[in-house]
Amino acid sequence: MTQNSASKLLNGDTVHRTKQDKKTGGNGFVKNHCLFQQKRYRRPAEKNHHASCTSLYKKPFVESFEETPLLVAVLTYIGYGILTIFGYLRDFLRDWKFEKCHLAREREEQKDFVPLYQDFENFYTRNLYMRIRDNWNRPIRSVPGAKMDLVERVTPDYNWTFEHTGKVLKDVINMGSYNYLGFAENTGTCADAASECTVKYGVGVCSSRQETGNLDKHEELEKLVARFLGVESSMVFGMGFATNSMNIPALMGKGCLILSDELNHVSLVLGARLSGATIRVFKHNNMQSLEKLLWDAIVHGQPRTHRPWKKILILVEGIYSMEGSIVRLPEIIVLKKKYKAYLYLDEAHSIGALGPRGRGVVDYFGLDPCDVDIMMGTFTKSFGAAGGYIGGKKDLVDYLRLHSHSAVYATSMSPPITQQIITSMKCIMGEDGTTLGQERLCQLSENTTYFRRRLHEMGFIIYGNNDSPVVPLMLYMPAKIGAFGREMLKRNIGTVVVGFPATPIIESRARFCVSAAHTREMLDTALNAISEVGDLLQLKYSRKNRHGSEGTDLFSYLESHQD
Amino acid sequence: MQFAPAYHLILEGILILWIIRLLFSKTYKLQERSDLTEKEKEELIEEWQPEPLVPLVSKDHPSLNYDVVTGPPSHRIIVNGKECINFASFNFLGLLDSERVKLKALSSLKKYGVGTCGPRGFYGTFDVHLELEERLAKFMRTEEAIIYSYGFATIASAIPAYSKRGDIVFVDEAACFSIQKGLQASRSFVKYFKHNDMEDLERLLKEQEIEDQKNPRKAKVIRRFIVVEGLYINTADLCPLPELVKLKYKYKVRIFLEESMSFGVLGEHGRGVTEHFGVNIDDIDLISANMENALASIGGFCCGRSFVIDHQRLSGQGYCFSASLPPMLASAAIEALNIMEEDPGVFRVLRDKCKHVHKALQGTPGLKVAGEPLAPALHLQLENSTGSRTNDLKLLRAIVDYVRYNSRSQITMCVLSIRVVVTVEQTQEEIEKAAQCIREAAVKILK
């Protein structure tokens, strides 16, 4: 068959689309009509993604998601199997009253009602989560800055109830709070400005934006946010979660298509569901998957009726908080322009944390903010406050002012919180007259690079992009989740561990959030402790070349005897 | 050895050749619509034009430019540069500019900073949150309480945590927007009954009972809920709680009560509609309220028995996946609770003022007062509608503007009525003046 159309890739290579002779790629799938052909460098047990379209990326985009070693995967499944068997045994003992039941029970008068919870829904909570529950919900009693004070808790009955001893664990290094630029502080210009604002305005608002809740502070903040992002206009909301779940339904409806990344946050998924549009999911950060979905959507139209779609929206996040990966924004913008879709970018974790000027993932890639149709973000992480915003063209924001459920029915942001955001944003932009903002941005990126490099050298499996301040460290086995959290706390370091259902069942991890407030000594202390615990629990699974580290001999032994 | 006849061999040979052909030919793809060629597909892609992201909004839409409030939205509020008396913010107990609350918030700010930088599970739980939860549970006399960081998200996260696909929820028609969003997120069957009409509800329950008898096995696993509000925000009515409790035990349904407007208003000590009617609080499975009205803070809470509330700590989406309430707002709420507990007389004062306002607004020509005399947020609706919604809205807006201009009282629009809010800080003369101005406006504009 003769070749049909040839289309040019952006870097000048041509892709020939033929009907008959489709070559299969290295892993067996057929490459067809895709703009981007990513070469996959297949080293044993590793997937390293390097973008071949180097003209789109101004600096190297390096991220790695090392594959789970086979032995570890098998042991993890065995671990979960043993836990499940014990879970059934304990449930049996509890039912037959051999063991005391600590769970709260339904009232006597309502015993014949339909049970509120099904037994199997809570099986995981009762039998697996309860065992290691002390790693979460740890109460603190200080600023959640680089160091914090934890309230000491003891449990007399294996985590069913907790008691506060009254003692306080002081100066625990905080590797868990989303304090990327270190604005969680109780002294300094931000705190002073917020205090003044509290005295003048009070704490509450008692009304929605459309009624008497629109303070002059909100208008000031919206203009500032628009200037910060480089867009025409913006609107702020009282809660980041509600921003997504209330505004996506206002923009999309029946007959529209939403293409959402596999690992999107719950608020984006809820917003997409509430809108009533059709949702299709593409593989995480995978541009071929996205392009195929776009292609099929436009060619085939709506299912069954084949009418054309009214609008197509691509939902992505700036930094994915469980993976530490950064979205491939340049490629998405090319796709979006080609297929005329709209782009919704949720920068909850990346605003303030990425980019030379702290303007988020658009700044990091050096792109034009006008290319992103809807820029959404939250103020909780880098600005040390609470709330969310949406920025974009003036028409978009005007429409949201009228039709967003949040503006009509929900209370507006509290005044001291608004002031905190204004002060911290001005600090980042350098408009308060100091270079504090720029220093913090540099400190954050230095800390990130240092932390990731050292962990990598020690031999841990770290997921994500080299520039993202969110660092997931893989644990895999269920027992290690609890052990890691507790051992780190013994060494006075507060960490966050996550397991199922926030992550796939065998990929449980510990997640570190690097902050600009961390000094080099704090990071070194933390790294030494992590290395100690890593040796104790045999967490150094990585099989890549590492310089000068002991590493787990089991794996190197196996590898050397494999061939 | 027997020789096979020739036709056998030929037949088998043909069969083998056929199998070889089938093995090596292309697979038949069902999805690929072979009617379109690659060229046609590309043309389709080039021709397709999406709708604009948002439809055009006319520049002079009345709600587009919000009224700007300079300074705090307290009793004397400055709207668009003019100072007015506030009949619009839900500041029922006047706690917005309480000095005590502000001082407490300041001291909390000096200790904890502003934000919490994390959800409750990851170092976002402060001791003030735990204290606030205990205090709320003690105040409402329940076992446990749970706090959310945004009032809207409270009931909208609580309903989907219990009611899933296949469960049945009976809801009042006049339920507020956050309840509707919660129901939509839960994907359950929703059955609306007429506003405050217990017979209609009983009819629906009886129908469901008949359905159950047809399929008893399925009926044993379907959960049923009734969701009502204590004081409805849309109509300012009370819900008939004692009858609901009777229906609950008769038909074995659980009750979820939304008390945003009645918390801190009804009842001898401000405990809401359960205290007002003298109903045992354990009979209500879940009470949800937001702290943005009477408590003059931000956020919301749910309270009830531990058996019910504890479940939300792992499955309430607005709780697990969202940052926790800033500690200064939690401290402000604790101080507001202290003030409420110290001085229970303020609720009687508020109720008297509500009755007063209700009486003063009766007899306004062209507008009828909708709502209980006890309700702190009354609705004034047009008696005779002009027939078109936009014209109605224009008339109501004209009244609001006239009142603001002439008597310096700020009332506000809400869907298709005017809402007048009563707070303890309003004096007798202010109420009289506002009522008189509303009458004048009605006479002038609604002739």
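Computed from the coordinates by the stated procedures, all read-outs in this text should not be read as laboratory data. None of the values given here were measured: they were computed from a predicted structure. Cβ coordinates were reconstructed from backbone atoms using ideal geometry, including for glycine residues, and neighbour counts include every protein chain displayed.
Once you compute Rg and the Kirkwood Rh from C-alpha atoms, what is the Rg to Rh ratio for the stretch B:114-342? Don't jump to the answer; show the numbers that get you there.
Numbers: Rg = 17.3 Å, Rh = 17.9 Å.
When Rh is taken as the Kirkwood radius, the ratio is 0.97.
Provide the gained length on full extension for the span B:Thr70 to B:Leu393, in nm with one decimal, where the gain is 0.36 nm per separating residue minus the Cα-Cα distance. Before the final figure, lay out each step's value.
Numbers: separation 323, 0.36 × 323 = 116.28 nm, distance 2.58 nm.
Gain in length upon complete extension: 113.7 nm.
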Built amide H within the under 5 Å cut-off of B:Phe126, gap 5+: A:Ile140
Share antiparallel - DSSP beta bridges, the protein assembly as shown, percent rounded to 5: 65 percent
Inter-part distance where the stretch B:78-113 and the stretch A:334-357 are each reduced to a Cα centre, Å: 38 Å
Cα-projected label distance for B:Val443 with B:Asp200, points at 7 Å along beta-carbon direction, nm: 3.8 nm
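Quick one: if you take sqrt(5λ) for each eigenvalue of the C-alpha gyration tensor of the stretch B:220-337, what semi-axes come out, biggest first, whole angstrom?
Values: eigenvalues 121, 79, 27 Å².
Rounded to whole Å, the semi-axes are 25, 20, 12.
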Per-pair calculated FRET efficiency, R0 = 60 Å: B:Glu432 and A:Lys292 via Cβ, rounded to 0.05: 0.30
From phi via Karplus (6.51, -1.76, 1.60), per-residue ³J(HN,Hα) for the stretch B:80-93 in Hz, x at Gly/Pro: 6, x, 9, 7, 9, 8, 8, 10, 10, 7, 7, 9, 4, 9
For the stretch A:189-429, the spread of Cα positions along each principal axis, largest first, Å: 60, 38, 29
Other-chain or far-sequence residues with amide H under 5 Å of A:Phe512's (modelled H): A:Val471, A:Leu473
0 to 90° range, to nearest 10: angle between helix B:177-186 axis and chain B longest Cα axis: 20 degrees
Candidate aspartates and glutamates - alpha carbon under 19 Å from A:Lys254, same-chain residues fewer than 8 apart omitted: A:Asp296, B:Glu51
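Can you pick out the pairs among B:Lys220/B:Lys246; A:Lys200/B:Lys394; A:Lys170/A:Lys217; A:Lys97/A:Lys490 whose Cα atoms lie more than 29 Å from each other?
Numbers: B:Lys220/B:Lys246 21 Å; A:Lys200/B:Lys394 35 Å; A:Lys170/A:Lys217 37 Å; A:Lys97/A:Lys490 36 Å.
As for pairs spanning more than 29 Å Cα to Cα, those are A:Lys200/B:Lys394; A:Lys170/A:Lys217; A:Lys97/A:Lys490.
Inside 10 Å of the C-beta atoms of A:99-105, what's the mean count of C-beta atoms belonging to other chains?
Numbers: counts 0, 0, 0, 0, 3, 9, 3.
Averaged over the peptide's residues, the number is 2.
Below 8 Å, C-alpha to C-alpha, sequence gap of six or more: please give me the relative contact order for chain B in percent. Walk me through the numbers on the way to the answer.
Values: 736 pairs, mean separation 86.8, N = 447.
This gives 19 percent for chain B.
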Residue-averaged 222 nm ellipticity for the protein assembly as shown, from DSSP H runs of 4+ at -39500 (n - 2.57), nearest 500: -12000 deg cm²/dmol
Cross-link pairs A:Lys283/A:Lys540; B:Lys218/B:Lys252; B:Lys102/B:Lys353 - those with Cα-Cα distance over 18 Å: A:Lys283/A:Lys540; B:Lys102/B:Lys353
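What share of the DSSP beta bridges in chain A is antiparallel, in percent to the nearest 5?
On the way: 39 of 58 bridges.
Of those bridges, close to 65 percent are antiparallel.
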Span from the the stretch B:242-287 Cα centroid across to the the stretch A:137-206 one, whole angstrom: 35 Å
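Given a cut-off of 31 Å, what percent of all Cα-Cα pairs of chain A lie beyond it? Could the numbers behind the result be given before it?
Numbers: 88284 of 158203 pairs.
So the pairs more than 31 Å apart make up 56 percent of the total in chain A.
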³J(HN,Hα), Karplus 6.51/-1.76/1.60, whole Hz, each residue of the stretch A:313-329, x for Gly, Pro: 10, 9, 9, 9, 10, x, 10, 8, 6, 8, 9, x, 8, 9, 5, 8, 5
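Need one number: convex hull volume per residue for the protein assembly as shown, Cα atoms only, in Å³.
On the way: hull volume 232.8 nm³, N = 1010.
Measuring per residue, one finds 230 Å³ for the Cα hull of the protein assembly as shown.
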Residue with peak Gaussian network fluctuation, chain B [Cα springs, cutoff 10 Å], from B:Pro50, B:Pro365, B:Pro240: B:Pro50
Nearest 10 degrees, 0 to 90: helix B:327-342 Cα axis against chain B principal axis: 50 degrees
Within straight-line cross-link reach of A:Lys100, lysines at Cα separation under 23 Å, skipping those fewer than 8 residues along the same chain: A:Lys111
Fully extended contour minus Cα-Cα distance, from A:Leu367 to A:Lys111, at 0.36 nm per residue: 86.0 nm
Net charge, A:Thr76 excluded, C-beta distance under 14 Å - Lys, Arg +1, Asp, Glu -1: 0
Unit Cα scatterers, Debye sum, the stretch A:169-320: log10 I(q)/I(0) for q = 0.16, 0.20, 0.21 Å⁻¹: -1.09, -1.32, -1.37
Most mobile listed residue (B:Leu15, B:Leu295, B:Leu416) in chain B, GNM with C-alpha springs under 10 Å: B:Leu15
On Cα atoms only, tilt of B:428-445 relative to the major axis of chain B in degrees: 60 degrees
Most fluctuating residue given options B:Ser74, B:Ser262, B:Ser322, as computed from a GNM of chain B linking Cα atoms under 10 Å: B:Ser322
Interchain or long-range residues, amide H under 5 Å from A:Gly388's placed H: A:Phe237, A:Gly238, A:Met239, A:Gly240, A:Phe379
Per-residue ³J(HN,Hα) for the stretch A:476-482, Karplus 6.51 cos²θ - 1.76 cosθ + 1.60, θ = phi - 60°, Hz, x for Gly and Pro: 6, 7, x, 5, 5, 4, x
Across A:Lys59/A:Lys480; B:Lys164/B:Lys214; B:Lys104/B:Lys138, pairs whose alpha-carbon gap is larger than 28 Å: A:Lys59/A:Lys480
